[in-house]
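Read through the structure below, which is laid out as structure tokens, and then see the notes.
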Amino acid sequence: MSESTNYKSLVTHFDLDGVACAALCSLFWDFERITFAGPSNMHRLSYDLETVVTDLPHPHPRECGFWFDHHVANIEELKAMGVDYTTLNGVIEEKPSCLRVIYDYFSKEYELDEWAPFVDELDLIDGFQFRDYDHWQEITPAKTIDHAIKLDFNDNAFMRKLVRELRDNDYLDVAQLPEVAAKAEQFRSTQAEHLKMIEKIAKPFEGAEEIILLDLRELRNPPNFEKNLAYHYFPQGKAVLTIRSMFKQGVKTNGMSLSMSLGFVDDALKSKINIGEMMRKMDIGSGHPGAAAGRFECKSKDERERKSKEVLDTIVKMWNEQKAS
């Protein structure tokens, strides 16, 4: 176990797993600053030997104090960067959530039984271990906190407050806090409205009909939404893929972003499909075998259209190749 008690900052993912990781680490290390990051801004952040990094979907820079991760694909990316991950101070293990990695690490020395129910629920959510669409739709305490965060991923003040609450209180009580409950309810109401939009744009992906395609490229600043809502209309689908234009200060750019995840699939298909590998092979992103994201920039509208078609055609090809393997 790391002996340092001088970690002053933590960088973590801006989702429920990232917030929970920050809360558990905060029990042992007294951070002066907590920063929330995602694929678009993590490489612009500063890291040093006083920084703990948790749950980032891409490899962190070499110089940091301690690293917790459950994205084992990051090992291959580090190797490609010429970095021997075994020399880094930290723990990377293939587990459903990064919180599970941290919980197991500190449990070797400390009694953390009161965290076990929260860790179990978070494994279900972050590892997407739901049986079916109805199971995914069930409202649980951890799901309520998750929905409150998803209302606005840019609300760093709220996420820092959640870190403190989850550190000091049982997650069942945190889920009942008025602000958390109100944000979660607002998110769910918004998602109900998004179902109408999804109904209009969702369709089977030509060439790989088991993938549900949500093409948002022609929508102006489309909202963030739960893409798995597409299974409401296509329960036979095995994966959902979204593609959208990127915007800067409300203006559409020539950049594109993609997000793809497996749905409620059996172990046989799950063992074959690796969406993170798809994104890495195309050199546009990374992620888990079951969920990943990517993005690419283009210099013109024509290039954007050509590149988008190339990427989508490649996803179809790789999906079919992996499925047949």
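Odds and ends about this structure:
- The number of residues in region 180-196 being of a type in the set (Gly, Ala, Ser), closer than 16 Å to residue 158 by Cβ and either modelled with pLDDT under 95 or within 21 Å of the chain's Cα centre (by Cα) (or both) comes to 1.
- Here residue 47 passes the criteria (1) touching a Lys or Arg at 6+ places or on another chain (Cβ under 8 Å); (2) part of a loop (DSSP other than H, G, I, E, B) except the one numbered (1).
- Subset of region 235-263 [buried (at least 17 other Cβ atoms within 10 Å of the Cβ), out of contact with any Gly (no Cβ under 9 Å at 6 or more places or on another chain) and either of a type in the set (S, T, N, Q) or part of a loop (DSSP other than H, G, I, E, B) (or both)]: 242, 254
- Taken together, the criteria place residue 315 among residues that are over 19 Å from the mean Cα position of the chain (by Cα) and touching a residue at least 60 places away in the same chain (Cβ under 8 Å).
- Residue ID - farthest from the chain's Cα centre (by Cα), chosen from residues in region 264-277 that are touching a residue at least 60 places away in the same chain (Cβ under 8 Å) and in a helix (DSSP H, G or I): 277
- Unique residue being farther than 27 Å from residue 143 by Cα and of a type outside the set (A, V, I, L, M) when the list is 100, 44, 33: 44
- Any hit, region 216-227, residues being aliphatic (A, V, I, L, M), touching a residue at least 12 places away in the same chain (Cβ under 8 Å) and either part of a helix (DSSP H, G or I) or within 28 Å of residue 271 (Cα to Cα) (or both): no
- Residue in region 283-295 that is more than 19 Å from the chain's Cα centre (by Cα) and surrounded by fewer than 16 Cβ atoms within 10 Å (Cβ to Cβ) present: no
- The residues of region 17-51 that are in contact with a His (Cβ under 9 Å, 6 or more places away or on another chain) and either at pLDDT 95 or above or loosely packed, with under 15 Cβ neighbours inside 10 Å (or both), listed by number, are 17, 19, 21, 43.
- Residue within region 91-104 that is assigned by TED's automatic domain parsing to the domain that holds residue 172, surrounded by fewer than 19 Cβ atoms within 10 Å (Cβ to Cβ) and modelled with pLDDT of 95 or more present: yes
The values are calculated or read from the model by the stated rules, or taken from the named source; none is laboratory data. Model, not experiment: these values are computed from the prediction. Note: ideal-geometry Cβ built from the backbone for every residue, glycine included; neighbour counts use all protein chains shown.
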